[in-house]
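Only one structure is covered here, and it is reproduced in the block below.
The values are calculated or read from the model by the stated rules, or taken from the named source; none is laboratory data. Just so we're clear, the structure is a prediction, and the values are computed from it rather than from any experiment. Quick reminder, even Gly has a Cβ in these numbers, built from the backbone with ideal geometry, and neighbours come from all protein chains shown.
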Amino acid sequence: MYLSRLILNPLSRQVQQEIANPYQMHRTILHAFPQDLRANGERVLFRVDALPRTGQLHLLVQSQGKPDWTWLASRDGRRPYLAASDRPNPAVKQTDLQLAAGQVLAFRLLANPTKRLGKSFGPDKGKRVGLYTAEEQMAWLQRKADQSGFTVLTAVPAAAAKIADRTKGVELLSVRFDGLLQVQQPDTVLEAVRNGIGSGKAFGFGMLSVARPLQ
């Protein structure tokens, strides 16, 4: 897999529009990949993290194929898409995630926790609705963990927020989970990392980031 890190310019009008309408950011990201991406079964996941101390916006993109950000990096002007930085921007690295049963990892997941209205009647039957209480959100995470081959040891759901995407006319619940997990089934966890967890992946949800926990 490849992991890209793009430091975004918060003064860019395009960045501002895409933060408000994340599906547009998804479309921008796809320009870095071949047009037959979907036909080949490629899954591109992304997430925007705001660094707590500086507020700097980091766009993280995970893909199975190597992206080409040349077209984006070459854009200039008064308010370019990418922020000026003394570090490579964009930065791309190849990762080979090696997992073992029993391994403990720190994780971050920006998710769209939902449930389907299976017992309602009329036009709302089968509709997905957001889970707004911490208890429901944690229960959702536990279910996804069971399906994804890991156990949640600790997790803290951040305050829920709503993302209204005018392009698609939808409003999605956004919840970020940070914590520790323990690998139970390495191959299943790896698939969850590759394919994402939950719904709303085209809106910046579902990317499961794992790393060695801080000592």
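Can you confirm whether region 196-204 contains a residue that is in contact (Cβ under 8 Å) with a residue 40 or more places away in the chain, of a type in the set (Phe, Trp, Tyr), closer than 26 Å to GLN64 by Cβ and assigned to a strand (DSSP E or B)? Checked region 196-204: no residue is in contact (Cβ under 8 Å) with a residue 40 or more places away in the chain, of a type in the set (Phe, Trp, Tyr), closer than 26 Å to GLN64 by Cβ and assigned to a strand (DSSP E or B).
Okay, residues lined up against (1) surrounded by fewer than 17 Cβ atoms within 10 Å (Cβ to Cβ); (2) β-branched (Val, Ile, Thr):
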{"residue": "LEU11", "(1), (2)": "yes, no"}
{"residue": "ILE19", "(1), (2)": "no, yes"}
{"residue": "TYR23", "(1), (2)": "no, no"}
{"residue": "ILE29", "(1), (2)": "no, yes"}
{"residue": "ALA32", "(1), (2)": "no, no"}
{"residue": "ASP36", "(1), (2)": "yes, no"}
{"residue": "GLU42", "(1), (2)": "yes, no"}
{"residue": "PHE46", "(1), (2)": "no, no"}
{"residue": "PRO52", "(1), (2)": "yes, no"}
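Just checking, does region 69-88 include any residue being at pLDDT 95 or above and among the hydrophobic types (A, V, I, L, M, F, W, C)? No, every residue in region 69-88 fails to be at pLDDT 95 or above and among the hydrophobic types (A, V, I, L, M, F, W, C). Filter region 141-166 for residues that are under 26 Å from TYR23 (Cβ atoms) and modelled with pLDDT under 95 and give the result. Of everything in region 141-166, those that are under 26 Å from TYR23 (Cβ atoms) and modelled with pLDDT under 95 turn out to be PRO157, ALA158, ALA159, ALA160, ALA161, LYS162, ILE163, ALA164, ASP165, ARG166. Selection over region 167-183 of residues that are at pLDDT below 85 and either among the small types (Gly, Ala, Ser) or not in a strand (DSSP E or B) (or both) gives a count of 3. So is VAL156 in contact with a Ser or Thr (Cβ under 7 Å, 6 or more places away or on another chain) and outside any helix (DSSP H, G or I) or not? Criteria not met by VAL156. Is one or more of the residues making up region 35-55 among the polar types (S, T, N, Q), modelled with pLDDT of 90 or more and assigned to a loop (DSSP other than H, G, I, E, B)? Within region 35-55, not a single residue is among the polar types (S, T, N, Q), modelled with pLDDT of 90 or more and assigned to a loop (DSSP other than H, G, I, E, B).
Looking across region 91-101, the residues that are assigned to a loop (DSSP other than H, G, I, E, B), modelled with pLDDT of 95 or more and surrounded by 10 or more Cβ atoms within 10 Å (Cβ to Cβ) come down to LEU99, ALA101. Within region 1-21, the set of residues being under 26 Å from ASN195 (Cβ atoms) and assigned to a strand (DSSP E or B) comprises TYR2, LEU3, SER4, ARG5, LEU6, LEU8.
Just give me the residues in region 196-212 being more than 14 Å from SER148 (Cβ to Cβ) and either of a type in the set (A, V, I, L, M, F, W, C) or surrounded by fewer than 18 Cβ atoms within 10 Å (Cβ to Cβ) (or both), in sequence order.
The answer is SER199, ALA202, PHE203, PHE205, ALA211, ARG212.
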